[in-house]
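Right, one structure below, let's go through it.
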Amino acid sequence: MKWTLYLFILLGLLSCKEDKPISTTQVIQREGFINIINEPSEKIQVINFWATWCAPCVEELPYFEKVNTKYDDVDVVLISLDDVEKVTSTVNPFLKEEEIKSAVYLLDDPYAAEWIPTVDDHWDGAIPVTLIKKGKEKYFINKAVTYDQLEEAIAQFR
Amino acid sequence: MKIVKFLSLSAVILVAVVITSGVIDTKVMGYDVAATIQESGYKVGDVATDFSLKNIDGKMVSLSDYKQAKGFIVIFTCNHCPYSVAYEDRIIAIDKKYKELGYPVIAINPNDTETYPADSYENMIVRAREKGFTFPYLFDEGQKIYPQYGATKTPHVYLLKKEGPRNVVRYIGAIDDNHKDASKVKNHFLEDALQALLNNKKIENTYTRAIGCSIK
């Protein structure tokens, strides 16, 4: 029965946010993406759109990592807009290098004009942008954020 | 918990059904929803400012230099952005085709070169030579022009039509709807707008969206 004990310890470790492993990229298509955007969440969900080639995005990633580990009521979802061919060569090595532990998806859908408005009508496609939601409430940030701005935006949902 | 899961699952299915059945088609799939996406700068119908910006050959270029033009394809673009790079060949092709018809491409690099050293004036010259740009590639020194237009990202297109002494904005947005693969483009937004102008027809999609690199 020793293995069940190990299993419990392992599960216990995994459930601690601080000890989460470094993320790897999950590739999603339009349908999965729409589900993420539209599904009402119980926790405060912070969805950030970024790419490894986007300097202002990379600059603000640590703020999202910080709120993800700091708050139990916040779930951060990072949606990469890198090309799907770059997952193993660029995106996953980047996650390792930067020790990203938030959930990372890569949206493999070049027809951005079709899915951008599902996030927010005011988004013209420049990144970074961030969508914060809880239940049916949504708040869209159409630019890069500072750590304080991110904290403030999240606090509105409490 | 099971009920909550079931409810959220059915909500997701409902949303998926609504989207695929096209009930909220215009909102979700529409390109031309409204001018909501152009928060600052020009809207379609506004008169665009002329400028005098330094080209990669060292000469200053203004829209007023082009006496014969019917209008202009002003594209904010740069060196460092993979989305801009993905469109370079398509921009060259569009310039070759449409400058003969009165609509030359005028490319402008709006970025701060301290933020993006790859977008320096010297690197613009290098890139234009490598790719054989057929159009002027201007440097928005001091970043005075792009905020007036309201460009937010690269590439970002403003299609202007000459009406008397004025250059009127007729289309704002993307070149087409697939940055990755030109052969899989479903909507040639810019070319459709150009064809409409050339044929004196109404432009169907006057604002379109595309992912791009934020101008800094």
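What to note about this one:
- Over 28 Å (Cα to Cα) - which of B:LYS59/B:LYS162; B:LYS131/B:LYS153; A:LYS86/B:LYS59; A:LYS66/A:LYS134 fall in this group: A:LYS86/B:LYS59
- Simple spin-label estimate for B:ASP89 and B:LYS186 gives 2.3 nm between the two label positions (7 Å along the Cα-to-Cβ direction from each Cα).
- Flagged links, alpha-carbon separation over 24 Å, of B:LYS97/B:LYS201; B:LYS67/B:LYS96; B:LYS43/B:LYS96: B:LYS43/B:LYS96
- Gyration tensor (alpha-carbon) shape descriptor, segment B:34-214, a/c threshold 1.5: rounded
- For segment A:21-155: rounded, prolate or oblate by the Cα gyration tensor [a/c cutoff 1.5]: rounded
- Cα gyration tensor, the protein assembly as shown - rounded (a/c under 1.5), prolate or oblate: prolate
- Signed unit charges on C-beta, dipole axis of the protein assembly as shown, positive-most listed residue B:LEU197, B:VAL74, B:VAL157: B:LEU197
- In this simple spin-label approximation, A:THR24 and B:ASN200 carry label points 7 Å from Cα along the Cα→Cβ vector, and these lie 6.2 nm apart.
- In a reduced charge model with +1 at each Lys and Arg Cβ and -1 at each Asp and Glu Cβ, the protein assembly as shown shows a dipole moment near 720 debye about its Cα centre.
- Two-site label geometry, A:GLU85 and B:LYS131: point separation in nm, points 7 Å out along Cα→Cβ: 1.7 nm
A short reminder: the numbers here are calculations on the coordinates, not readings from a lab. All of these numbers come straight from a predicted model, not from anything done at the bench. Note that each Cβ is placed from the backbone with ideal geometry, even for glycine, and that neighbours are counted across all protein chains shown.
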